[in-house]
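Trainee: I am attaching a structure below and will ask some questions about it afterwards.
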Amino acid sequence: MDDVILSVNLVWIMLGTILVFFMHAGFAMVEAGFTRSKNAVNIIMKNFLTISLGGIVYFLCGYAIMFGDTAGGFFGTSGFALNGVDDLSFFIFQTMFAATGATILSGAVAERTNIFAYIGVIILMTILVYPVVGHWVWSGQGWLTDLGFIDFAGSTVVHLTGAVAAFIAAIMVGPRLGKYENGRVNVITGHSIPIGALGVFLLWFGWFGFNGASTLAADPALVPTVIANTFFSAAAGVVATAFYTKFRYGHIDGSLTLNGALAGLVGITAGAANVSIVGSLIIGLIAAPLLVEGVRFIEWKLKVDDPVGAIAVHGICGIWGTLAVGLFDVGGQGLFYGGGISLLGIQAIGVIATIAWVSVTVTAGLYIIKAFVPLRVSAEEEITGLDVIEHGTPAYEYQEIFKSSAIQGETFAQRLTHIGKTQTNVTEKHV
């Protein structure tokens with residue numbers, strides 16, 4: 001009987017691993033759809049490199065720093081290249097998480113980042129930044145664990161970590177050309193909302209494994225609770241964002257409503273095993289206005305260019321989801337369930353510590369990377385499109401543009417440059 005239980009648990013964790021891996025297709029589609037077509041190949045390549053290179057680096061060093069024997073509760077010191085590690089199921093499941101944390105940064109710096117600088121960031125995130133935060137919370141030996149910090153599947157460990165890194169990188173790389181001009185904030189529209197919507201559906205689907213398999217066992221009581229909470233928080237995020245944007249802007253905004261699902265998913269990730277369905281609905285409902293106003297504040301007030309809204313989705317909603325555990329925990333620690341403010345304070349400490357750690361390490365890391373390769377491409381390369389410059393091919397065929405009399409007689413390279421310039425058009429909106 002014990003062998004059967006072990007086998008069922010193993011299958012559940014492996015299924016979750018596959019679902020989390022599949023989320024990378026979702027990240028690629030969201031980022032590609034919400035940006036211009038001249039950069040689609042570059043975005044796909046970044047996402048493939050993230051899961052591939054990030055996984056290798058995590059195998060060599062990241063897993064040991066995250067789950068090795070602790071050095072004062074701050075980082076691990078053993079198990080490099082899995083030396084002495086026997087549980088491959090847990091390792092490969094965690095590998096998918098490490099790559100997920102790194103890929104959040106990709107969308108925030110899309111369309112203007114040197115791919116070799118991005119590769120450097122992947123290595124930094126998976127070898128040091130993410131594993132240290134993970135050690136604090138998930139190793140069973142970390143100082144935040146000792147305080148009683150709760151983050152079931154990663155609102156802080158994965159999402160806030162990735163979002164803070166994205167915020168720092170977006171500031172240092174700078175905005176896309178034409179984004180901010182003469183006191184105006186120009187909206188640079190993505191090329192395919194349907195592709196972006198497909199990406200959100202893939203992420204939502206994969207999130208059932210992201211949260212569900214974080215039980216680390218096929219628990220017949222806990223797994224349905226986690227999956228139900230995951231669904232209802234996302235659903236509430238969609239509905240609330242749709243109505244909030246209708247009230248705020250006079251129409252149901254398509255891209256923000258899609259991000260509303262992700263906001264609800266990020267929000268519930270910390271407390272998926274700790275709250276009721278009613279709590280999950282409230283978490284998703286509150287995530288919606290936080291998302292909408294967060295995107296506006298970051299882009300319009302802070303002047304940080306984030307093409308896909310990753311900082312608001314994963315950062316602001318990650319903070320909200322982490323703090324929400326201190327409010328809605330049904331195990332007796334939640335403020336609304338008679339637990340007082342103790343857990344809420346501990347959750348806040350974890351958020352602050354994570355922001356501080358990631359800010360310092362990513363800033364230092366980017367300055368080191370910058371000493372060897374530029375963080376962004378040249379203006380000419382950005383205008384032409386990263387697909388052509390960095391990968392030698394566009395994502396789509398432009399037969400009709402090639403036939404246009406306006407570009408007859410141009411060389412192939414000149415035509416590709418012309419295509420890139422036609423995609424720099426923006427819609428002007430005043431702050």
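The values are calculated or read from the model by the stated rules, or taken from the named source; none is laboratory data. Computed from a predicted model, the values in this text were never measured in an experiment. Quick reminder, even Gly has a Cβ in these numbers, built from the backbone with ideal geometry, and neighbours come from all protein chains shown. Ligands, DNA and RNA are stripped out before the accessible areas are found, and what is left, the full protein with its side chains, is counted by its heavy atoms. Shrake-Rupley method; radii C 1.70, N 1.55, O 1.52, S 1.80 Å.
Trainee: Could we say that A40 is small (G, A, S) and in contact with a Gly (Cβ under 7 Å, 6 or more places away or on another chain) here?
Mentor: Numbers: small (G, A, S): yes; in contact with a Gly (Cβ under 7 Å, 6 or more places away or on another chain): no.
No: the conditions fail for A40.
Trainee: Also, I was wondering about something else. Counting only residues that are under 30 Å from A356 (Cα atoms) and among the aromatic types (F, W, Y), which one in the stretch 164-207 is least open to solvent (accessible area, probe 1.4 Å)?
Mentor: By that ranking, first place goes to W207.
Trainee: For a quick check of your reading of the model, give me the residue pairs whose first member lies in the stretch 118-136 and is small (G, A, S), whose second is open to solvent by 20 Å² or more (accessible area, probe 1.4 Å), with beta-carbon atoms closer than 9 Å and at least 6 apart or on different chains.
Mentor: Close Cβ pairs satisfying both conditions: G120/I368; G120/I369; G120/F372; G120/V373; G134/I65; G134/F67.
Trainee: Contact list please: Cβ distance under 7 Å, first residue in the stretch 217-237 and within 20 Å of F90 (Cα to Cα), second residue assigned to a helix (DSSP H, G or I) and among the aliphatic types (A, V, I, L, M), pairs at least six apart or on different chains.
Mentor: Final answer for the pair search is A218/V8.
Trainee: Next question. Got a number for residues in the stretch 178-197 being in contact (Cβ under 8 Å) with a residue 12 or more places away in the chain, part of a loop (DSSP other than H, G, I, E, B) and more than 14 Å from E111 (Cβ to Cβ)?
Mentor: Residues meeting the conditions: 2.
Trainee: Separate question: I'm trying to understand the selection: among the residues of the stretch 328-345, which are assigned to a helix (DSSP H, G or I) and open to solvent by less than 30 Å² (accessible area, probe 1.4 Å)? Let's see the steps before the verdict.
Mentor: Step one: list which residues in the stretch 328-345 are assigned to a helix (DSSP H, G or I), which gives 328, 335-337, 342-345.
Selection gives F328, L343.
Trainee: Does the stretch 1-26 hold any residues that are open to solvent by less than 20 Å² (accessible area, probe 1.4 Å) and either among the aliphatic types (A, V, I, L, M) or touching a Ser or Thr at 6+ places or on another chain (Cβ under 9 Å) (or both), and which are they?
Mentor: The initial filter retains those residues of the stretch 1-26 that are open to solvent by less than 20 Å² (accessible area, probe 1.4 Å), namely 13, 16-17, 20, 23-24, 26.
Across the stretch 1-26, the qualifying residues are I13, G16, T17, V20, M23, H24.
Trainee: Given the residues N47, N39, N9, which is the only one that is under 20 Å from G140 (Cβ atoms) and either in contact with a Cys (Cβ under 6 Å, 6 or more places away or on another chain) or in contact (Cβ under 8 Å) with a residue 24 or more places away in the chain (or both)? Give the steps one after another, and end with the answer.
Mentor: Details: N47 fails: under 20 Å from G140 (Cβ atoms); N39 fails: under 20 Å from G140 (Cβ atoms).
Unique residue meeting the criteria: N9.
Trainee: Of all residues in the stretch 263-296, how many are assigned to a helix (DSSP H, G or I) and open to solvent by 10 Å² or more (accessible area, probe 1.4 Å)? Outline the logic, then answer.
Mentor: Our first condition is that a residue be assigned to a helix (DSSP H, G or I); within the stretch 263-296, this holds for 263-269, 277-296.
Add one more test, that the residue is open to solvent by 10 Å² or more (accessible area, probe 1.4 Å), and what stays is 277-278, 281-282, 285-286, 289-290, 293, 295-296.
Here the count works out to 11.
Trainee: With respect to K421, determine if the residue is assigned to a strand (DSSP E or B) and either surrounded by 13 or more Cβ atoms within 10 Å (Cβ to Cβ) or at pLDDT below 95 (or both).
Mentor: Values: assigned to a strand (DSSP E or B): no; either surrounded by 13 or more Cβ atoms within 10 Å (Cβ to Cβ) or at pLDDT below 95 (or both): yes.
No.
Trainee: Only one of these is polar (S, T, N, Q) and in contact with a Pro (Cβ under 8 Å, 6 or more places away or on another chain): T70, T17, T95, T35. Name it.
Mentor: Details: T70 fails: in contact with a Pro (Cβ under 8 Å, 6 or more places away or on another chain); T17 fails: in contact with a Pro (Cβ under 8 Å, 6 or more places away or on another chain); T95 fails: in contact with a Pro (Cβ under 8 Å, 6 or more places away or on another chain).
Answer to the check: T35.
Trainee: Right, something else. Can you name the residue in the stretch 176-196 that is more than 20 Å from the chain's Cα centre (by Cα) and of a type in the set (G, A, S) and is also nearest to K301 (Cα to Cα) among such residues?
Mentor: Of everything passing the filter in the stretch 176-196, G183 is nearest to K301 (Cα to Cα).
The rows are residues; the columns are (1) closer than 29 Å to A25 by Cα; (2) free of Cβ contacts under 8 Å to residues at least 40 places away in the same chain; (3) touching a strand residue (DSSP E or B) at 6+ places or on another chain (Cβ under 8 Å).
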| site | (1), (2), (3) |
| --- | --- |
| G76 | no, no, yes |
| V85 | no, yes, no |
| F90 | yes, no, no |
| F97 | yes, no, no |
| T100 | yes, no, no |
| T103 | yes, no, no |
| S106 | yes, no, no |
| A110 | yes, no, no |
| I115 | yes, no, no |
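Trainee: Let me ask something additional. So, in the stretch 250-262, of the ones that are at negative phi and not in a helix (DSSP H, G or I), which residue ends up surrounded by the fewest Cβ atoms within 10 Å (Cβ to Cβ)?
Mentor: To start, the set of residues in the stretch 250-262 that are at negative phi comprises 251-262.
Next cut, not in a helix (DSSP H, G or I) only: 251-253.
Values: H251: 9, I252: 14, D253: 19.
For the stretch 250-262, the residue satisfying everything is H251.
Trainee: What number of residues in the stretch 202-249 are among the aromatic types (F, W, Y) and either in contact with a Ser or Thr (Cβ under 8 Å, 6 or more places away or on another chain) or not in a helix (DSSP H, G or I) (or both)? Explain how you work it out, then say what you get.
Mentor: Start the filter on the stretch 202-249 by keeping residues that are among the aromatic types (F, W, Y), which leaves 204-205, 207-208, 210, 231-232, 243-244, 247, 249.
Subsequent filtering for residues that are either in contact with a Ser or Thr (Cβ under 8 Å, 6 or more places away or on another chain) or not in a helix (DSSP H, G or I) (or both) retains 207-208, 210, 232.
Counting residues in the stretch 202-249 that are among the aromatic types (F, W, Y) and either in contact with a Ser or Thr (Cβ under 8 Å, 6 or more places away or on another chain) or not in a helix (DSSP H, G or I) (or both) gives 4.
Trainee: Does the stretch 299-319 hold any residues that are assigned to a helix (DSSP H, G or I) and surrounded by fewer than 22 Cβ atoms within 10 Å (Cβ to Cβ), and which are they? So that I can check it myself, show each step before the final result.
Mentor: Of the stretch 299-319, the ones assigned to a helix (DSSP H, G or I) are 299-301, 310-319.
Those that are assigned to a helix (DSSP H, G or I) and surrounded by fewer than 22 Cβ atoms within 10 Å (Cβ to Cβ): W300, K301.
Trainee: Considering only the stretch 146-157, I want to know if a residue exists there that is surrounded by fewer than 23 Cβ atoms within 10 Å (Cβ to Cβ) and β-branched (V, I, T).
Mentor: no
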